[in-house]
Amino acid sequence: MSLVLDALSVRVAGGAALFAPLSLTIGPGEVSTVMGPSGVGKSTLLDAIAGHLAPAFTLSGGVTLDGRDILALPAEARRVGLVFQDAVLFPHLSVGDNLAFGLAARVKGRAARRAAVEAALARAGLAGLHDRDPASLSGGQRARAALMRSLLAEPAALLLDEPFSKLDASLRDEIRAFTFAHIRARAIPALMVTHDPADAEAAGGPVIGLTPQ
Amino acid sequence: MRVAPEGRGLRALVLAALAFGLIGPIAAGLWATARAGFGVMPVIGATEASLAPWSALFALPGLATSLKVTAFTGIVSTLLSLILALALTAALQPRLTGGRAARLLAPFLAIPHAALAIGLAFVLTPSGWIARLLAPILGLDRPPDIALVGDPWGIALILGLMLKEVPFLMLVSLAGLTQIPLAQHLAAGRSLGYGRAAVWLKLIVPQLWPLIRLPVMVVLAYALSTVEMGLILGPSNPPVLAVLLTRLFFAPDTALLLPASAGALLQGGLVAAAFALLWLTERALAMAGRFWLCRGGRGHGLDPILPLARGLGMIAAALGALAMLALLTWSFAWRWPWPAALPESWSLRAWTGAAPGLARALGLTLALALATTALSLALAVAWLEGEDRARSPRAPWAEALIYLPLLVPQIGFLYGLNVLFLRLGLSGGLAAVIWAQALFVFPYVMITLSDPWRALDPRLARAAASLGAGPWRRLFTVKLPVLIAPILTAAAIGVAVSVAQYLPTLFMGAGRIATLTTEAVTLSSGSDRRVTGAYATLQTALPLAAYAAAFLVPALLHRDRRALRGGGA
């Protein structure tokens, strides 16, 4: 299980490449960190890997996940999970339903699905919050719920887009530890983009600086 | 010391204008209609309250069929329009942003309902364009003997309504989407393994629905009570309810006014019942939807919907364009025997022959459009400025109030109102028509202008204030000039809505005010397609010109001001 980027680069149609071509191999349970100045295209890099690139961008190079070339696949078939800066919980669903929405369709039957969601909530320290409005959660609770939702979809790799930058400093260590522990437990490769050197240090993996072209 | 909110006088003025100009008359019109529906109409000497109008109404031949076809066309056209509009928005959304969508949809929004219906009839009838094009292939030597327009099921009517309502629903959906973190939710849903169509259906539409519910209700109310489209495209015997009632209202026998009024109440009840059905469906879907969402099905099978919607959208756009082209071609045609695809000889005779009538109707239509739009724009600016000065957001009741004239069927209160005006000696004048049209122009102007007005950077007015500019100077020298593009867009929509009005002009003008629209609708039942084509072409050209001006004027005025060159709504 590994995520391999091979000379990946992104350009605005008709323009120059955003950053120098990036080659990188991330092994199972490993968290690689990409750092760089604002506007260099860190989020665009994640969009390219996950399959959310806007039509105005073109992409060159290759991305393979567990040996499959994923660039030709639509976003939903890539099995690449995304964790956002501000959680992006769906406001029309309860906390538990947000997780159920992520839970793989393989788990069948209402009772079994409910049990899987409750177990995930408990693991995230959110037991008893199944029917709560996501808007009523604290920042740390939202971050944990969002990570759980991503993991329940059984991704083969995880991308983290400045996942801790909106959290209070006091919460950050706790959520970092929680996130990285889950990634290691699942043994999936993860790629994180961040501004914060402390994030990179906590991740423990290789750190790549993204430089403008 | 408590500081009194600014702009009290302005808000009192707006409130008075709304109470006496909008709510009061609608309520009075409904009241007069209700009284007439139960037998009391002193103008024609009916003073005894009774249920006789209702028994007369239900004794009309074909009433049950008429009700059925009205409900069918109204509900089916709204449902299909909503589905197609949402699917098209989902399919086109990555490429439809801001000004581009407005420019693409504007021509379809500008075309008056009546002109579209006439053009569509020219295309669809057995002797129309489609049959002419198919004739050589199918080996037809005369027009096929099937009812393609005015069919008993109202299919042609449904098609015509959809051509007008799909662009409108797309526009309000795109406006609603700007209030949802769309890109993030699309990415989040798809990274969880959901297909594009499934993400839209399960994540985006449930969030969008509360934002487009009122516009959908407007579409539903219109589809259930349209007169001009029902007249031109709907079944003729029995016609849809609103057409049946208009015939009764204008029948020479004044005794028929009583059952007609009862029918107007029935029309109101029909719309209310449809709203109740919508509400029940919404509740049921919300409950069923939760289980469906939590089952975790990734819905990859749904994705073919998107290219299908794109294909249907293209066909609809082509049909609309063909309808417009048919109007223009007929107005210049002279000899055009069946099954030739194009006229054998061309002529200006339709235009020159009808020139005096055309010119009169054009002048009147233009005057009405300018007057109603100016009136509505002034009221809308006063309302929005009043909100700004009070520094309070709009109350939900005020939002509902704006939509009120669009949700109550026109036929339910317009005739009652006309009766009141007759008593006051105001009927049949230009003023009455201006006022009646403004009732329907104002909501659209207000809705269009509200979002850009609120999006205006509040620091501009504050900066002006700190430089010593009072509230009026801030309004006229800062806010209005900066907002010129959206104001002109709202004005163009106002012109389009005013030009399209049929029933208010007919009822409040007592049949004496002949606009392009009333003339085109009247002519459409006759045989001369050339003259009808000329009226309908001119009727379409007027709002199109208004839209073009709304795009061009700000572009010219602000050619050196990059921040203001947004390009309309």
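Only one residue of B:LEU134, B:ILE26, A:ILE26 has its Cα farthest out toward the positive end of the dipole of the protein assembly as shown, where Lys and Arg carry +1 and Asp and Glu -1 on Cβ, and that residue is B:ILE26. Using the Karplus relation 6.51 cos²θ - 1.76 cosθ + 1.60 with θ = phi - 60°, the per-residue 3J(HN,Hα) values for the range A:56-66 come to 6, 9, 10, 9, 9, x, x, 9, 10, 10, 6 Hz, with x marking Gly and Pro.
Restriction of the GluC sites (Glu not before Pro) in the range B:327-430 to DSSP coil positions whose beta-carbon has at most 16 other beta-carbons within 10 angstrom yields B:GLU344.
Projecting the Cα atoms of B:GLY234, B:LEU203, B:ALA251 onto the charge dipole of the range B:63-347 (Cβ charges, centred on the Cα centre) puts B:LEU203 farthest toward the positive pole. Among the trypsin sites (Lys or Arg not before Pro) within the range B:328-436, those in coil by DSSP and having at most 11 neighbouring Cβ atoms inside 10 Å are B:ARG335, B:ARG391. The helix-only estimate of mean residue ellipticity at 222 nm for chain B, built from DSSP H runs of length n ≥ 4 each weighted as -39500 (n - 2.57), is -23500 deg cm²/dmol after division by the residue total. Amide H to amide H, with H built 1.01 Å from N, A:ILE208 comes under 5 Å of A:THR33, A:VAL34, A:MET35, counting only residues 5 or more places away or on other chains. Two numbers describe the Cα atoms of chain B: Rg and Dmax, which are 24.7, 88 Å. Suppose R0 equals 22 Å. What FRET efficiency, 1/(1 + (r/R0)^6) with r the Cβ-Cβ distance, do A:ASP133 and B:ALA286 give to the nearest 0.05? The formula returns an efficiency of 0.90 here. With a 10 Å cut-off around each Cβ of B:191-201, the average count of Cβ atoms from other chains is 6. Building the convex hull from the alpha-carbon atoms of the range B:360-509 and averaging its projection over directions returns 10.0 nm².
Taking a straight line from the alpha carbon of A:LYS166, these lysines sit under 21 Å away, with near neighbours fewer than eight places off in the same chain left out: A:LYS42. With an 8 Å cut-off on Cα pairs and a minimum separation of 6 or more residues, tell me the relative contact order of chain B in percent. 24 percent. Going from the fewest other Cβ atoms within 10 Å to the most, the residues B:MET287, B:MET170 appear in the order B:MET287, B:MET170. Pull up the cross-link candidates among the lysines for B:LYS202, meaning alpha carbon to alpha carbon under 21 Å and not fewer than 8 places away within one chain. Excluding near neighbours in sequence, the set is A:LYS108.
Taking the DSSP beta bridges in the protein assembly as shown as the whole, what percent of them are antiparallel, to the nearest 5? Rounded to the nearest five, the antiparallel share is 55 percent. Plainly put, the range B:390-441 has a radius of gyration that is 1.12 times its Kirkwood radius, both from alpha-carbon atoms, as the Rg/Rh ratio. Remark: the protein assembly as shown carries a charge dipole of roughly 500 debye about the Cα centre, counting +1 on each Lys and Arg Cβ and -1 on each Asp and Glu Cβ. In the range B:63-347, taking the dipole from charged Cβ atoms about the Cα centre, the farthest positive-side position among B:LEU266, B:LEU82, B:ALA64 is held by B:LEU82.
When you filter the trypsin sites (Lys or Arg not before Pro) in the range A:85-122 for DSSP loop state and at most 12 other Cβ atoms inside 10 Å of their Cβ, you are left with A:ARG106, A:LYS108. Considering only the other residues whose Cβ falls under 11 Å of the Cβ of A:PRO28, what net charge follows from Lys and Arg at +1 and Asp and Glu at -1? Local charge sum for A:PRO28: 0. Along the range B:492-506 the Karplus relation, 6.51 cos²θ - 1.76 cosθ + 1.60 evaluated at θ = phi - 60°, assigns HN-Hα couplings of 4, 5, x, 4, 4, 5, 4, 4, 6, 5, 10, 4, x, 5, 5 Hz to successive residues, with x for each Gly and Pro. Coupling constants for the range B:216-228 follow from the phi torsions by the Karplus curve (6.51 cos²θ - 1.76 cosθ + 1.60, θ = phi - 60°), and in residue order they are 5, 5, 4, 4, 4, 4, 5, 4, 7, 10, 5, 9, 5 Hz; glycine and proline get x. Across all Cα atoms of the range B:63-347, the radius of gyration (one decimal) and Dmax (whole number) stand at 21.5, 68 Å.
Take each residue in B:180-189, count the other chain C-beta atoms within 10 Å of its C-beta, and the mean is 5.
Place a point 7 Å from the Cα of B:LEU104 along the Cα-to-Cβ direction; which residues of the range B:302-336 have their backbone N under 19 Å from it? What the label zone holds, given the 19 Å backbone N cut-off, is B:304-322.
I want the local charge near B:THR515. Using Cβ-Cβ distances under 15 Å, sum +1 for each Lys or Arg and -1 for each Asp or Glu among the other residues. Net charge around B:THR515: 0. For chain A, the mean residue ellipticity at 222 nm estimated from helices alone is -10000 deg cm²/dmol, where every DSSP H run of n ≥ 4 contributes -39500 (n - 2.57) and the total is divided by all residues, rounded to the nearest 500.
Around the Cα centre of the range B:63-347, unit charges on the Cβ atoms of Lys, Arg, Asp and Glu (plus for the first two, minus for the last two) sum to a dipole of about 1060 debye.
In this calculation the C-beta distance from B:ALA355 to A:ALA177 is compared with R0 = 60 Å, giving a FRET efficiency of 0.10. Measuring r between the beta carbons of A:SER165 and B:LYS68 and using R0 = 45 Å, the FRET efficiency lands at 0.15. Modelled this way, with points 7 Å down the Cα-to-C-beta line, the labels at B:ALA549 and B:LEU424 are 3.0 nm from one another. For chain B, the longest piece that avoids every one of the chymotrypsin sites (Phe, Trp or Tyr not before Pro) found in DSSP loops with at most 16 other C-beta atoms within 10 Å covers B:335-569. Using a simple spin-label model with pseudo-atoms 7 Å out from Cα toward Cβ, B:ALA378 and B:ASP145 lie 6.0 nm apart. For the range B:432-447, the residues whose backbone nitrogen is under 20 Å from a point 7 Å from the Cα of B:PHE275, taken along Cα to Cβ, are B:439-447. Within the shell of other residues whose beta carbon sits under 15 angstrom from the beta carbon of B:PRO356, the net charge comes to +1, with Lys and Arg scored +1 and Asp and Glu -1.
None of the figures in this text is laboratory data; all of them are computed from the coordinates on show. Computed from a predicted structure; not experimentally measured. Every residue, glycine as well, gets a Cβ built from its backbone with ideal geometry; the counts of neighbours run over all protein chains shown.
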